[in-house]
Amino acid sequence: MPRMTISRSRLSFLLTLGLIAPASAQVATKATSHTVQKGDTLWDIARTYLGDPFLWPQIYKLNTAVVENPHWIYPGEVLSLEAVAGQTAVPTTDTPPPAAAEPATPPAPAPMPMQATPPADMQQSSQGGDDGLGLFRRKRADAQGAFKTYREAKFHPLRAGEFYSSGFLTEGDSLAWGAFLGPVSPEQIESGRTRAAVQVFTAVGIRPPSGATYSKGDTLVVVDRREGPIGYGEIVVPTGLVRITGQNGEQAVGEVIAVYGTIRDGQSMIPAERFVDPGSAAYVAVTGGIEGRVLVSSNPRDLRHPQEVMFIDIGRDKGVAPGDVFQVRRTPGPQDKTEANAVDEVMATMQVIHVRGRTATVKLLNVASPDIKPGTRIVQVAKLPS
């Protein structure tokens, strides 16, 4: 047991309470053993025989064969007292404070590592030299090399994504419309109407047209149907593609494979037309090409912008083919009384994306004047080789 250290003030307090006797009264009784009497404690025995009750652990250590617990001793037990007399548990002077530790000598700084060779792309440029800050400049990019792949990539004037997402005019034809019913989860449960979000890979339910069925692997277009120009039917605006994966009762089940807009329940479905990729064919200029008029835009805004989809009043019946390029031209002559006379100028350039009998769907390639209104004249200026 570690020795307790008591300050002078505490020593005086213990003397006052009579817990320990003054040094002059601490006279140890010489004996080699003690027979425990009723009421004895190791504390009292140490004070009687050793002159200091705090030395009771010495007696306990000498008698561990007799005393199992120092808090319990029993009458009749014979305790050995062969302890070192004269020792005191409480010092007569305070323990001096420890000397201040000498500050540790800081370790010598580690030698600086040798300058490593910078990576190749951070080495000094032979063109630019050092930047004046002792740093290395990154090598200048080879612009010709950076655009090599872009230059060598073959241009495809028509792309499947534009073909399926552009839409068309129905021209008053009666088409076999199916109905988009919404997501199904799990697929074994038929879908009802729902407003759940539809993303790519979502499993959805479809109701085929009356008397028709869809086969596994069929691709359908999900569309919004809007009122079109008089005499040209409805405007069909695609919102996504669905591939049929199976059948669930009277409903077909499919997976969304492309999203072009907001897909929601209640929209219509129609089998997707086959896209024919013309490859990397180059345009051939056309002189005195066929002319037509702008019918309407798929966007209700008044001002037009590149990549916007519009519809024109000439189609397959007039020799229009996918990939044909038209110029939108302003008709010369007097305009509104408040405006100056117009001149024959190019307002925009457009490319044919989808063709039907009497109409075609075009995409604006560039726009010089955005005020393209229904009825504006268009002229064919280029086409793809047949």
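Readers should treat all values here as calculations from the given coordinates under stated rules, not as data from a laboratory. Remember, predicted model here, so these are calculated numbers, not experimental data. Cβ atoms come from the backbone with ideal geometry, glycine included; neighbour counts cover every protein chain shown.
Considering only residues that are part of a strand (DSSP E or B), in contact (Cβ under 8 Å) with a residue 60 or more places away in the chain and not aliphatic (A, V, I, L, M), which ones fall in region 251-263?
The one that is part of a strand (DSSP E or B), in contact (Cβ under 8 Å) with a residue 60 or more places away in the chain and not aliphatic (A, V, I, L, M): 251.
Taking region 229-246, which residues are closer than 20 Å to residue 260 by Cα and touching a Phe, Trp or Tyr at 6+ places or on another chain (Cβ under 9 Å)?
235, 236, 237, 238, 239, 240, 241, 242, 244
If a residue has to be over 41 Å from the mean Cα position of the chain (by Cα) and either surrounded by fewer than 12 Cβ atoms within 10 Å (Cβ to Cβ) or assigned to a loop (DSSP other than H, G, I, E, B) (or both) to count, how many in region 264-295 make the cut?
Initially, region 264-295 is screened for residues over 41 Å from the mean Cα position of the chain (by Cα), giving 282-295.
Restricting the remaining residues to those that are either surrounded by fewer than 12 Cβ atoms within 10 Å (Cβ to Cβ) or assigned to a loop (DSSP other than H, G, I, E, B) (or both) gives 282-290.
The qualifying residues number 9.
Give the residues of region 250-266 that are on the phi > 0 side of the Ramachandran plot and hydrophobic (A, V, I, L, M, F, W, C), sorted by residue number.
none
Could you please tell me which pairs satisfy a Cβ distance under 6 Å, a separation of 6+ or placement on different chains, a first residue in region 281-295 that is touching a residue at least 24 places away in the same chain (Cβ under 8 Å), and a second residue that is in a strand (DSSP E or B) and loosely packed, with under 15 Cβ neighbours inside 10 Å?
From residues that are touching a residue at least 24 places away in the same chain (Cβ under 8 Å), there are no pairs.
If only one of 317, 302, 344 is assigned to a loop (DSSP other than H, G, I, E, B), more than 41 Å from the chain's Cα centre (by Cα) and among the charged types (D, E, K, R), which one is it?
On the way: 317 fails: assigned to a loop (DSSP other than H, G, I, E, B); 302 fails: more than 41 Å from the chain's Cα centre (by Cα).
One residue alone meets the criteria, 344.
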